[in-house]
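**Student:** Let me give you the structure first, and then I'll get to my questions.
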Amino acid sequence: MYFYGDAGGKGTFNHFMRLYADRSKWAINATPQWVQYTSIGSPVPFVLFANRALDEENDEDEKAQEALIDWMKKNNYQPSISVHRGHSYYLPYTIRKLQPSRVVVLGSCGAYHNLADVLKTSPNAAIISSKQVGYGEINVALFTYLVDKLKAGQDVQWPAMMSEVAGRISSEKKEGYDDYVFPHQNLGALFIK
């Protein structure tokens, strides 16, 4: 997960830390620049990595991302899922650092318009993105759904995911959820491929 050090990014990162705070379900390996969560007792081992949302003014967030990517490479971790969590003006920085992934979740406004750039790094990626406004609540629901299904050893089926995640979204965000494009609907990605 790529986080950025603005006020919103720090809040989202802190929310992420709370989501996986249960030490009976997740072991944590934390450094000053990034965190690693490893599932405990799940049918399928699941490992989450995220850079800390450090100060953006001094590029500490970018340095943290680079340190995490270097560590993952040195320790033979290759992401299956990559998640961008930040405003649209941060998205080009994430795309430049993106590692080949099977699923890419772009949690920022208008991220759908960056499909071609994502497919250069991950040509076979299933991409979830928004054509309009990206909402933190929706992005968290998407990500936690993926984590919960995969660590339980269950398949992810995009139409079912759309329906189930819709049930997790507050009524205020339902209209915004309709602007999210799932892989099975992603004609733009199919055309680019």
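The values are calculated or read from the model by the stated rules, or taken from the named source; none is laboratory data. All values derive from a computational prediction rather than experimental measurement. Note that each Cβ is placed from the backbone with ideal geometry, even for glycine, and that neighbours are counted across all protein chains shown. Surface areas here come from the heavy atoms of the whole protein model, side chains and all, with no ligands, DNA or RNA. Shrake-Rupley method; radii C 1.70, N 1.55, O 1.52, S 1.80 Å.
**Student:** For Lys97, list the aspartates and glutamates whose Cα falls under 16 Å from its own Cα; do not include residues on the same chain fewer than 8 positions away.
**Tutor:** Here the aspartates and glutamates satisfying the reach criterion relative to Lys97 are Asp59, Glu60, Asp61, Glu62, Glu66, Asp70, Asp117.
**Student:** How high is the FRET efficiency from His113 to His184, r the C-beta distance, R0 25 Å, rounded to 0.05?
**Tutor:** After rounding, the FRET efficiency stands at 0.85.
**Student:** Then there is this: For Ser88, what accessible area in Å² do you get when you roll a 1.4 Å probe over the heavy atoms of the protein chains, rounding to the nearest 10?
**Tutor:** 60 Å²
**Student:** Take the Cβ-Cβ distance between Ala166 and Ser80 as r, set R0 to 30 Å, and report the resulting FRET efficiency rounded to the nearest 0.05.
**Tutor:** 0.80
**Student:** So, one more: Could you rank Val156, Val105 by how accessible they are, 1.4 Å probe, largest area first?
**Tutor:** Val156, Val105
**Student:** For region 145-163 and region 3-30, write down the distance between their C-alpha centroids in whole Å.
**Tutor:** Centre-to-centre (Cα) distance: 21 Å.
**Student:** What ratio of Cα Rg to 2.2 N^0.38 Å holds for region 19-113?
**Tutor:** Numbers: Rg = 14.0 Å, N = 95, 2.2 N^0.38 = 12.4 Å.
Working it through for region 19-113, the quotient is 1.12.
**Student:** Let me ask something else. At 222 nm, what value in deg cm²/dmol follows for the chain if DSSP H runs of at least 4 each add -39500 (n - 2.57) and the sum is divided by all its residues, to the nearest 500?
**Tutor:** Taken over the chain, the calculation gives -11500 deg cm²/dmol.
**Student:** Which of Lys63/Lys173; Lys149/Lys173; Lys74/Lys174 have a Cα-Cα distance over 31 Å?
**Tutor:** Beyond 31 Å between Cα atoms: Lys63/Lys173; Lys74/Lys174.
**Student:** Quick check on the chain: what does the Kirkwood estimate of hydrodynamic radius come out to from the alpha carbon pairs, in Å?
**Tutor:** It works out to 16.9 Å.
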